[in-house]
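Inspection log for the structure reproduced underneath, given as structure tokens.
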Amino acid sequence: MLATEIFQRLSSEFGEKVLGLFDQQPSDPAISIAPEAIFDICHTLRDDEEMQFDYLMSLSGLDLGEKLGMVYHLCSMQLGHRIVIKAEVDKANPIVPSVERLWRTADWHERETYDLVGIHFEGHHNMIRILCPYDWEGHPLRKDYQVPEMYHGMKVTY
Amino acid sequence: MGLLNRLDDPYEGGGIVLGKVEELLNWGRSKSDWYLHFGLACCAIEFMAMNASHFDFMRFGTIPRTSPRQADFIMITGTVTFKMADRIKVLYEQMAEPKYVISVGSCSNSGGPYWEHGYHVLKGVDRIIPVDVYIPGCPPRPEAFEEGMMKLQEKINQQAIFNKRKRLGIE
């Protein structure tokens with residue numbers, strides 16, 4: 001299926017939850033959606049007969065300055081097409097639904113995104129840090145992250 | 001110098017070599033160093049080449065141990081993150097005296113490429129444990145590992161065992 005067809009299909013089913021389609025070359029075609037509908041839309045993308053996105057290639061978080069972004073790279077091994085799903089959440093209350101129940105791959109990806117960017121995934125069974133120590137403060141890949149002076153009595157800066 | 005060098009000049013022409021007990025002990029200690037390998041990053045990959053038959057690390061008398069309590073020195077090979085730094089401290093404290101540390105590669109020597117923006121990297125393992133030998137490189141060649149090991153043996157050979165405090169002028 002082409003990106004435009006996927007976009008039309010999602011638009012007809014979810015209405016204004018689907019915000020727009022970006023298919024400017026050279027980047028992959030991306031569909032922007034509302035963050036609260038991530039789980040439902042991904043569920044349709046995975047289980048629909050004509051789309052069958054059975055493989056979550058990557059799940060990443062972004063700091064866009066004002067907002068935080070989520071990017072899902074999906075691929076269908078069955079049908080050989082792919083799509084990018086994007087969503088933006090407020091920095092003040094960064095909560096998005098977890099897709100861990102749809103693709104088990106998302107388990108560690110979501111923990112990593114939580115650890116480094118600070119997006120909280122609702123419905124994830126084990127939302128704890130994965131890379132930084134458990135008592136680490138802050139989310140290091142945010143643009144306004146301040147490097148701590150000391151960690152456990154060790155100086156952090158050179 | 002070394003005990004074995006005197007084999008060329010044996011006492012009374014027989015099979016006797018004269019030397020100090022200290023030299024004998026140091027000779028034994030320096031030629032049978034067991035190590036705890038703490039592999040953290042690509043330096044540990046290079047260390048695999050060092051351990052394999054081409055370079056044969058075991059000819060120095062080293063045997064890899066999996067427990068810090070059986071190890072004479074610990075080899076820190078790679079990037080020391082803060083998460084790992086706590087563990088290194090614990091492992092070092094578990095080792096029995098006398099104990100030595102070899103720091104391998106730019107990362108564990110000084111933070112390496114993470115020195116400026118690495119919020120998660122300890123800038124040199126010598127900030128938490130005393131290091132005896134630094135091996136530079138990113139990662140070091142196996143020849144550099146050999147040089148470092150010989151430096152450690154040299155250091156052990158020069159160490160005082162008896163009347164240490166008196167000889168060092170502490171008392």
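Could you sort A:D48, B:D56 by their accessible area in this structure, using a 1.4 Å probe and putting the largest first? Let's see the in-between values first.
Values: A:D48 25, B:D56 60 Å².
Reading off the accessible areas and sorting them downward yields B:D56, A:D48.
Accessible area ranking (1.4 Å probe, heavy atoms, ligands and nucleic acids excluded), largest first, for A:W108, B:W115, B:W34: A:W108, B:W115, B:W34.
What percentages, rounded to whole numbers, describe P(r) for segment A:3-155 computed over all alpha carbon pairs with 5 Å bin width beginning at zero? P(r) over segment A:3-155, rounded to whole percents: 2, 9, 18, 21, 19, 14, 8, 5, 3, 2, 1, 0.
Considering every residue in B:78-84, what mean count of other chain Cβ atoms within 10 Å of its Cβ is obtained?
3
Charge dipole of the protein assembly as shown (Cα centre as origin; +1 on each Lys and Arg Cβ, -1 on each Asp and Glu Cβ, all else neutral): 1620 debye, rounded to the nearest 20. What the Cβ-Cβ distance of A:L2 and B:E143 gives, at R0 = 45 Å and to the nearest 0.05, is a FRET efficiency of 0.20. For segment A:3-155, the number of Lys pairs with C-alpha atoms closer than 20 Å, counting only pairs eight or more positions apart or on separate chains, is 8.
Shown for segment A:125-142: residues covered by the partner protein chains by 30 Å² or more of accessible area relative to the chain by itself (probe radius 1.4 Å), namely A:P133, A:W136. The dipole here belongs to chain A: it is taken about the Cα centre, uses +1 on the Cβ of Lys and Arg and -1 on the Cβ of Asp and Glu, and is about 400 debye. Pairing chain B with chain A buries about 1200 Å² of accessible area. This figure sums both sides and uses a 1.4 Å probe. A simple spin-label model places pseudo-atoms 7 Å from Cα toward Cβ; at A:M57 and A:Q78 they are separated by 1.9 nm. Since only A:C75, A:Y151, A:V18 are under comparison, the one whose Cα sits farthest along the positive direction of the charge dipole of segment A:3-155, derived from C-beta charges on Lys, Arg, Asp and Glu, is A:Y151. Is the C-alpha gyration tensor of the protein assembly as shown telling us rounded, prolate or oblate? Criteria: a/c under 1.5 is rounded; beyond that, a/b larger than b/c is prolate, otherwise oblate. Taking the square roots of the gyration eigenvalues as a ≥ b ≥ c, the protein assembly as shown is prolate.
Legend: residues B:C42, A:C132, sorted from most to least accessible area (1.4 Å probe; ligands, DNA and RNA excluded), read B:C42, A:C132. Look at where the Cα atoms of segment A:86-158 and of segment B:88-151 average out, and the two centres are 30 Å apart. Rounded to 0.05, the FRET efficiency of the B:W34 and B:R127 pair, given R0 = 25 Å and the Cβ-Cβ distance, is 0.45. Here is how the number arises for chain B: DSSP H runs of 4 or more residues each give -39500 (n - 2.57), the sum is divided by the residue count, and the result at 222 nm is -10000 deg cm²/dmol. Length gained on full extension, A:D28 to A:H120, computed as 0.36 nm times the residue gap minus the Cα-Cα distance: 30.5 nm. Across the accessible surface of chain B, with the other protein chains kept in place and a 1.4 Å probe, carbon and sulfur atoms take up 56 percent. In the context of the full protein assembly, B:Y114 retains an accessible surface of approximately 90 Å², using a probe radius of 1.4 Å and ignoring ligands and nucleic acids.
Springs join every pair of Cα atoms under 10 Å in this Gaussian network model of chain A, and among A:Y145, A:Y55, A:Y72 the largest mean-square fluctuation is at A:Y145.
Under the simplified labelling scheme, the B:I45-A:S11 pair shows an inter-label distance of 4.7 nm, with each label point 7 Å from Cα along Cα→Cβ. Rounded to the nearest 500, the 222 nm mean residue ellipticity of chain A from helices alone is -6500 deg cm²/dmol, with -39,500 (n - 2.57) taken per DSSP H run of at least 4 residues.
The values are calculated or read from the model by the stated rules, or taken from the named source; none is laboratory data. Quantities reported herein were computed from a predicted structural model and do not represent experimental measurements. Every residue, glycine as well, gets a Cβ built from its backbone with ideal geometry; the counts of neighbours run over all protein chains shown. For the accessible areas, the whole protein counts, side chains as well, though only heavy atoms, and no ligand, DNA or RNA atoms are used. Shrake-Rupley method; radii C 1.70, N 1.55, O 1.52, S 1.80 Å.
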